[in-house]
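To start, the structure under review is shown below, and the notes come after it.
The values are calculated or read from the model by the stated rules, or taken from the named source; none is laboratory data. Here the structure is a predicted model, which means the values were calculated and not measured. Because the Cβ atoms are built from the backbone with ideal geometry, glycine has one as well, and the counts that use them run over all protein chains shown. Ligands, DNA and RNA are stripped out before the accessible areas are found, and what is left, the full protein with its side chains, is counted by its heavy atoms. Shrake-Rupley method; radii C 1.70, N 1.55, O 1.52, S 1.80 Å.
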Amino acid sequence: MIVFGTRPEAIKMCPLVNVLKANDAFKTCVCVTGQHRQMLDQVLDVFDVKPEYDLSIMKQNQTLFDVTTDVLNKIKDVLDQEQPDIVLVHGDTSTTFVTALACFYMHIPVGHVEAGLRTYNLQSPFPEEFNRQGVGLIANLHFAPTKKAKDNLISEGKNPETIFVTGNTAIDALKTTVRKEYYHELFDWVGEDRLILITAHRRENLGTPMHHMFRAIRRILDEYEDVKAIYPIHLNPVVREAAKEEFGNSDSIKLIEPLDVIDFHNFMKKSYIILTDSGGIQEEAPSLGKPVLVMRDTTERPEGIEAGTLKLVGTSEDIIYNSIRKYLNDNDAYERMSKASNPYGDGTASIQIAQIIENYLDPKE
Ligand code: UD1
Ligand code: UDP
């Protein structure tokens, strides 16, 4: 059984669902928690995945308590009914942690996809660092995207025989979405100008930090005539309010609804620079050679920093403003940052994970 609930989990689990479903060795069952609704359904449509179970838990402005208790209460019946041999979860959301916890209570083995990412700061990202460390304690199989992630798990005392470096399934997804002939009508609006693509949603950034981030970008848009921005705003109402307040009356930015993943990846490809606090975008951008200024104080993705594509800029208005200016003004610095590299595998992570699970469930020796 594969369980996920939010957009990023879906983007990185649907390629695996489709590989497992095509393999007769498994009876594959998908349960979505519906922690996200529209943003989850967008991804399910693109990958043509039709879940067997949908817990439909999302509420407007849901708290961590809502998500945690609703998933825990509702998933028990599904696990009881299906009696899975293994449950696969992804990354670090509340859906992920709570599902692993339910499996732990019911003695069901857990495979953790995207295991071993760490900042070792429980407040950043919050609550994701706790969630992934918690799942790490429970999981029987750890699918680490990189050697660094594997090393984190080993340093925590996990059995090396349960850890597999597979690359990140984000790259599996990216291989199917980016298209040469892609066109979108907003590209006409951008014209020859330089495009800044923006996303933001982290819980620890809600409120003052997010306003500072947006004000820094607003100053850039007011200053540079050849720069435009597109911001597909997360459906979190708190984020939407802040974005409308800071950008509402600017002609240089389009505030739009979340894009489906095919559109978004092609918008990334078209962009000059990406400003984000997202996790997944930090994995995708190095492959596309797109500079990303990460508006956070920590990252669990040091590979992109080492590759030169990512730069941590925090959430202070002046630092973000000066960092964007630097890459708009200094072509050499920009070129150094925009070299394509791929620390996250060759796009075969799902196939590798399926093989490892097959061996785990039906060992040959
Ligand atoms: C959650 C994850 C975070 C992940 C992010 C991806 C946790 C604790 N956090 O963020 O790790 O990076 O998703 O985006 O699991 N909403 C809708 N429709 C949607 C999605 C969201 O209306 O399709 C609105 C709802 O009002 C909802 C709010 O956004 O209450 C926040 O959603 P939630 O899943 O709670 O977001 P985060 O916890 O911030
Ligand atoms: N994404 C998308 N549409 C958008 C913005 C982002 O499909 O309008 C994709 C993006 O390519 C990445 C994922 O959503 O794969 C990131 O999700 P999010 O930022 O919500 O969560 P995080 O990665 O921070 O957990």
Item checked: Accessible area in square angstrom per residue, the stretch 109-215, 1.4 angstrom probe -> 43
Notebook entry, point to check: So, in Å, what gap is there between the alpha-carbon centers of the stretch 246-296 and the stretch 69-122?
Noted result: 30
Note to self: With a 1.4 Å probe and all protein chains kept in place, how much accessible area does Phe130 have, in Å² rounded to the nearest 10?
What the structure shows: 100
Next item on the list: State the three equivalent ellipsoid semi-axes of the stretch 258-308, derived from the C-alpha gyration tensor as the square roots of 5 times its eigenvalues, in descending order and whole Å.
Entry: 18, 12, 9
Margin query: Quick check of the Kirkwood formula: for the stretch 175-242, what is the inverse mean of 1/r over all pairs of different Cα atoms, in Å?
Written below: 13.9
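The stretch 63-130: D in µm²/s via Stokes-Einstein (Kirkwood Rh, Cα pairs, 4 °C, 1.567 mPa s)?
102
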Item checked: 5 Å binning of all Cα-Cα separations within the stretch 222-358, expressed as whole percents from 0 upward -> 2, 9, 17, 20, 22, 15, 8, 4, 2, 1, 0, 0
Check: Where a Cα-Cα gap under 17 Å defines reach, which aspartates and glutamates qualify for Lys269, not counting those fewer than 8 residues away within the same chain?
Finding: Asp172, Glu181, Glu185, Asp188, Glu192, Asp193, Asp260, Glu283, Glu284, Glu335
Margin query: Given points 7 Å out from each Cα along the Cα-Cβ axis, report the Asp45 to Asn159 separation in nanometres with one decimal.
Written below: 4.4
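Which of Lys150/Lys290; Lys175/Lys339; Lys59/Lys270; Lys50/Lys74 have a Cα-Cα distance over 22 Å?
Working: Lys150/Lys290 26 Å; Lys175/Lys339 18 Å; Lys59/Lys270 34 Å; Lys50/Lys74 19 Å.
Exceeds cut-off: Lys150/Lys290; Lys59/Lys270.
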Item checked: Gained length - Asp222 relative to Asp77, 0.36 nm times residue gap less alpha-carbon distance -> 46.8 nm
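Decide, for the stretch 202-270, between rounded, prolate and oblate: order the square roots of the alpha carbon gyration tensor eigenvalues as a ≥ b ≥ c, take rounded if a/c falls under 1.5, and otherwise choose prolate if a/b is larger than b/c, else oblate.
Working: a/c = 1.82, a/b = 1.04, b/c = 1.74.
In terms of gyration-tensor shape, oblate.
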Check: Is the stretch 121-248 rounded, prolate or oblate when judged by the Cα gyration tensor, a ≥ b ≥ c being the square roots of its eigenvalues, rounded requiring a/c under 1.5 and prolate requiring a/b larger than b/c?
Finding: oblate
Check: Under a point spin-label approximation (7 Å from Cα along Cα-to-Cβ), what is the Asp346-Leu235 distance to one decimal in nm?
Finding: 3.8
Check: With all protein chains present, how much of the accessible area of the chain (probe radius 1.4 Å) comes from carbon and sulfur, to the nearest whole percent?
Finding: 49
Checklist line | Net length gained if the chain between Ala333 and Asp193 were fully extended (0.36 nm per residue, minus Cα distance) | finding: 48.5 nm
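Any chance you could run the full-extension gain for Glu306 through Thr69? It's 0.36 nm times the residue separation minus the Cα-Cα distance, nm to one decimal. Present the calculation step by step, with values, prior to reporting the outcome.
Working: separation 237, 0.36 × 237 = 85.32 nm, distance 3.87 nm.
The span from Glu306 to Thr69 would gain 81.4 nm if fully extended.
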Check: Rounded to the nearest 0.05, what FRET efficiency is calculated for Lys254 and Gln355 with R0 set to 45 Å and r the Cβ-Cβ distance?
Finding: 0.55
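If you place +1 on the Cβ of every Lys and Arg and -1 on the Cβ of every Asp and Glu, how big does the dipole about the Cα centre of the chain come out, in debye to the nearest 20? Working shown, then result.
Details: 39 positive and 54 negative charges, 80 e Å.
My answer is approximately 380 debye.
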Check: Across the stretch 196-207, in residue order, what do the Karplus-derived ³J(HN,Hα) couplings come to in whole Hz, using 6.51 cos²θ - 1.76 cosθ + 1.60 with θ = phi - 60° and x for Gly and Pro?
Finding: 9, 9, 10, 9, 6, 6, 4, 4, 6, 9, 4, x
Next item on the list: Output the peptides 288-295, 4-11 sorted from most to least packed, where packing is the average of other Cβ atoms within 10 Å over each peptide's residues.
Entry: 4-11, 288-295
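Let me know the whole percent of all Cα-Cα pairs from the chain that are separated by more than 35 Å.
Working: 14160 of 66430 pairs.
Pairs farther apart than 35 Å: 21 percent.
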Margin query: Which of rounded, prolate or oblate describes the stretch 48-181 when judged by the alpha-carbon gyration tensor and an a/c cut-off of 1.5?
Written below: rounded
Item checked: Farthest toward positive dipole pole in the stretch 171-216 [+1 Lys/Arg, -1 Asp/Glu at C-beta], among Thr177, His211, Ile196 -> His211
